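Accompanying notes for the structure given below.
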Amino acid sequence: MTEPTPVRATKPRQVRPATEGWTQQKDAEGRPLLQFASPKRGKPPVHLADLTPEARVEKVKELGLPGFRAKQLEKHYFQHFTHDPAQMTDLPAEGREQFVHGMLPPLLTEVRRLETDRGDTIKFLWKLHDGALVESVLMRYPGRITLCVSSQAGCGMNCPFCATGQAGLTRNMSAAEIIEQIVRANRLIADGGLGDPRRVGHEGERVTNIVFMGMGEPLANYARVMQAVRVMTDKKHGMGMSARGITVSTVGLVPAIRKLADESIPVTFALSLHAPDDRLRDELIPVNSRWKVDEALDAAREYFEKTGRRVSIEYALIKDMNDHAWRADLLATKLNERGRGWVHVNPIPLNPTPGSIWTSSDVDVQNEFVRRLNDAGIPTTLRDTRGKEIDGACGQLVATEEDAAVAASVPAEV
Ligand code: SF4
């Protein structure tokens, strides 16, 4: 009898993060550059949604009308999703256009719109007043309509997998620029533009869920994002949405997570973790060089303690990079060390880019990752990747548009 050949355990492949087709900006020490401050640019015009209810009344008076007109305008804009003076017949006809223009100056120009075949996912590319480009994605699910909004033009967090991170931070968006994305989406829904024409146009149907997972790091634009959240949730002077339906996500700006926990607005909080070990996360999410995995998880746990709201951990599953079984176990250990019942994990397969190091994990690997977390007592649900066919990942549409603009500006003979 011949001796069996010893089976050598194959070492799991470890792919390290690196940029493909672009060069990451680095600081003097060679670390990925983090940009927290918004570059100085011309500010967008002040809009109703930037102001507190009291400041709206003051502004209306400055424009020569009695303060109660502010309430009428709030209703037109936040409840009926209109900027059109012709529809605001309860406002005095004389000077109405100038008044409405003064309170609701145009903020977003639609540049492109991409839809899935069934029309239940729509991606918008918007141009801001200064030419900066941002995106939002509208998705119909059974029983809910979700809008993924941008909070910054560009982003200063420099994550190597992210199209938005490539160009750095152009500027913070104003609260009204954030709100306007929702108003425009609600207008489209009210006009029957989202999904199956037999089902759309339901009386009163509108965006029910907001996720701050478009362009930008929301907590790096804290004050304006919070003003936008206040407008979304204000039942008397705003949109009257449920705070629970609003998800504020971050790559881990710890001091801002703590601040958010003290706001007494119980939004859903999501930490985009993507790796449970500092060695990988330092490369994958450069802000980890400031606030480590454990610090970010401690802050997330504090959020749960202060608000009673269960925290979401977002985890993009990237083939051979962060999808190893031992990483699922390590993540489960770190979460369980901080208690039970406070957290939910949402792994999401990265949009597949065959041949790239940034591609989605194999299905059996995804399932194993999820199984290990669930077995360890951590509720874990694999998310679907909506919008694959329409450049669903954040920043892809802007990148495509900017490439097209560059191509268009290159003389033909070059
Ligand atoms: S992944 Fe998010 S935080 Fe990172 S660069 Fe992209 S937009 Fe910014």
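Some observations on this one:
- With contacts taken as Cα pairs under 8 Å and at least 6 residues apart, the chain reaches a relative contact order of 15 percent.
- A simple packing score, the average count of other Cβ atoms within 10 Å per residue, orders the peptides 57-65, 283-291, 132-140 as 132-140, 283-291, 57-65, with the highest score first.
- Of the peptides 110-116, 48-54, 22-28, the ranking by mean beta-carbon count within 10 Å, highest at the top, reads 48-54, 110-116, 22-28.
- Ranked by how many other Cβ atoms sit within 10 Å of their own Cβ, fewest first, the residues L33, L373 fall in the order L33, L373.
- Rounded to whole Hz, the Karplus (6.51, -1.76, 1.60) HN-Hα couplings of the range 74-89, x for glycine and proline: 4, 5, 4, 7, 7, 9, 10, 6, 10, 10, 7, x, 4, 8, 9, 6
- Relative packing of 217-229, 245-257, which averages over residues the other C-beta atoms within 10 Å, highest first: 217-229, 245-257
- Relative contact order %, the range 99-207, counting alpha carbon pairs below 8 Å whose residues are six or more apart: 21 percent
- Our summary of shape: the Cα atoms of the range 12-93 have principal axis extents of 67, 31, 21 Å, ordered from largest down, in whole angstrom.
- The range 226-320: projected area of the alpha-carbon convex hull, averaged over directions, in nm²: 6.5 nm²
- Computed from Cα atoms, the angle from the helix 53-62 axis to the main principal axis of the chain rounds to 40 degrees.
- Cα pair distances exceeding 30 angstrom across the chain, given as percent: 45 percent
- Unit charges at the beta carbon, dipole of the chain: most positive-side option, V15, S151, S242: S242
- Calculated log₁₀ intensity ratio I(q)/I(0) where the Debye formula runs over C-alpha points of the range 48-103, q = 0.15, 0.19, 0.21 Å⁻¹: -0.35, -0.57, -0.71
- Charge dipole (Cα centre; +1 on Lys/Arg Cβ, -1 on Asp/Glu Cβ; no other charges) of the range 48-103 amounts to roughly 120 debye.
- Too-long pairs where the Cα-Cα distance tops 24 Å, listed order kept, from K26/K292; K127/K235; K43/K236; K61/K236: K127/K235; K43/K236
- Efficiency of FRET from Cβ geometry, E58 and L330, R₀ 51 Å, rounded to 0.05: 0.40
- Over the range 48-103, Cα pairs under 8 Å with separation of 6+ residues give a relative contact order of 31 percent.
- The range 310-385 and the range 157-180 have Cα centres lying 25 Å from one another.
- Antiparallel bridges, percent of DSSP beta bridges restricted to the chain (to nearest 5): 50 percent
We did not get these values from a lab; they are worked out from the coordinates using the rules stated. Everything numeric in this text was worked out from a predicted model, so none of it was measured. Note that we place each Cβ from the backbone using ideal geometry, even for glycine, and neighbour counts take in every protein chain shown.
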